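All remarks here apply to the structure that follows.
The values are calculated or read from the model by the stated rules, or taken from the named source; none is laboratory data. The shown structure was predicted, so the numbers you read here are calculated from the model rather than taken from an experiment. Positions of Cβ are generated from backbone atoms using ideal geometry, with glycine treated the same way; all protein chains shown enter the neighbour counts.
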Amino acid sequence: MRGLVFTGVEKMEIRQFPDPKPGAGQVVVDIKCTSLCGSDLHNLHNPNLNHEIIMGHEGAGIVSEVGVGVTLVKPGDRVALYHVVSCGKCKYCMAGYAQFCTEDRRALAGIEHGTDADKIIVKEANCLPLPDDISFAVGAFIGCFAGTSFSAMKKLQPSGMNTVAVFGLGPVGLCGVQYAHAAGARVIGIDGIPERLELAKKLGADEVIDFKNENTAETLKKLTGGRGPDLVYESSGSMVAQKDAINVCAVQGKICMVGFNGPMSAKADSAPMLYGLIGKELTLYGSSIMPRQYHYEIIDFIRAKKIDLEKMITHRFPFEKIEEAMRLFDTGKTGKVVIDL
Ligand SMILES: [Zn+2]
Ligand SMILES: [Zn+2]
């Protein structure tokens with residue numbers, strides 16, 4: 001089978017690998033769609049990456065083989081892949097929060113082979129059942145960024161009575177725009193890339209702010225009668241945006257921080273954050289990936305609200321052209337880029 005590996009900084013190639021054989025409790029999935037994610041770009045630029053591992057962690061496909069003891073899926077089942085592989089028995093795994101596993105947490109394309117391949121081998125717990133009316137592309141999305149975004153937006157609970165500011169209009173931000181719009185909220189999107197601002201408008205943003213040409217905080221206040229948005233969804237991971245978020249959020253507002261821009265995010269000077277938090281009685285949430293059970297809630301929500309997550313796709317490529325796709329995605333000017341197999 002074919003699999004994509006990164007062979008050095010900004011270098012990649014498609015290599016041949018032996019077809020995987022499932023062990024006890026394992027499942028082989030024939031990948032039908034794999035989509036490109038911001039963390040693929042972190043890997044592409046990482047000098048310390050393992051060059052033997054197949055990349056990709058947003059995938060969906062059809063189960064082709066199961067190992068001994070597998071009961072949750074069978075050959076022929078359509079599945080989306082949940083990209084956090086965990087122990088399955090610690091306190092957090094028992095509660096459905098694999099992302100907080102304390103015993104043995106791995107990510108696809110980290111220690112395990114990923115989804116940029118014809119086939120993948122995973123634990124049965126990583127297979128999320130995919131109904132026939134949900135496409136493989138949307139399945140791939142739910143397993144990663146569309147789930148991450150849903151979990152963050154659920155903490156904010158937007159409604160028709162709110163204005164939501166969405167900082168950062170990459171895939172996690174654009175998905176947030178669609179969810180908040182579907183929930184009835186007024187949505188203001190903020191980014192510095194014109195293509196992303198355009199896409200945000202198409203997906204339901206009522207207003208957009210180009211932070212390269214406008215003062216974000218001033219414009220947000222102007223658009224909200226001087227009070228600021230009452231809900232803020234921060235997906236850029238930029239320290240400037242994080243500070244802006246706290247500065248502009250309305251009194252007694254809620255902020256959810258979901259953007260993580262590598263290790264730099266952790267070095268923020270916390271003093272202005274704390275004064276903003278205390279003085280305005282803000283509720284500040286962090287959000288990390290999603291618990292597995294949200295898969296069902298997301299499918300119910302996007303069906304009920306007729307949210308078409310495929311509208312975020314701006315480019316589709318066959319697997320042979322995955323390098324061209326990755327380089328285009330790396331420009332930051334695309335929406336979601338997906339690879340069909
Ligand atoms: Zn992802
Ligand atoms: Zn665990």
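Does residue 139 satisfy the condition of being surrounded by 24 or more Cβ atoms within 10 Å (Cβ to Cβ) and closer than 29 Å to residue 203 by Cβ?
yes
Only one residue in 39, 86 is more than 16 Å from ligand 1 (Cβ to nearest atom), in the same structural domain as residue 334 (by TED's automatic domain parsing) and hydroxyl-bearing (Ser, Thr, Tyr). Which one?
Matching residue, one of 39, 86: 86.
Please state which of the following conditions residue 102 fails to meet, knowing it meets all the rest: (1) closer than 20 Å to residue 36 by Cβ; (2) within 13 Å of ligand 2 (Cβ to nearest atom).
Of the numbered conditions (1) closer than 20 Å to residue 36 by Cβ; (2) within 13 Å of ligand 2 (Cβ to nearest atom), the odd one out for residue 102 is (1).
For the subset of the stretch 45-70 comprising residues that are hydrophobic (A, V, I, L, M, F, W, C) and in a loop (DSSP other than H, G, I, E, B), which member is surrounded by the fewest Cβ atoms within 10 Å (Cβ to Cβ)?
68
Among the residues of the stretch 94-101, are any in contact (Cβ under 8 Å) with a residue 12 or more places away in the chain, outside any strand (DSSP E or B) and within 14 Å of ligand 1 (Cβ to nearest atom)? Walk me through it before giving the result.
Narrowing the stretch 94-101 to residues in contact (Cβ under 8 Å) with a residue 12 or more places away in the chain: 95-101.
Keeping just the survivors that are outside any strand (DSSP E or B) gives 95-101.
Next, only the ones that are within 14 Å of ligand 1 (Cβ to nearest atom) stay: 99.
Within the stretch 94-101, one or more residues are in contact (Cβ under 8 Å) with a residue 12 or more places away in the chain, outside any strand (DSSP E or B) and within 14 Å of ligand 1 (Cβ to nearest atom).
Restricting to the stretch 207-222, what's the tally of residues that are surrounded by fewer than 16 Cβ atoms within 10 Å (Cβ to Cβ) and part of a loop (DSSP other than H, G, I, E, B)?
4
Which one of these does residue 76 not meet: (1) in a loop (DSSP other than H, G, I, E, B); (2) within 16 Å of ligand 1 (Cβ to nearest atom); (3) of a type outside the set (Asp, Glu)?
It fails just one condition, (2).
Go through the stretch 88-99 and report how many residues are hydroxyl-bearing (Ser, Thr, Tyr) and more than 6 Å from ligand 2 (Cβ to nearest atom).
1
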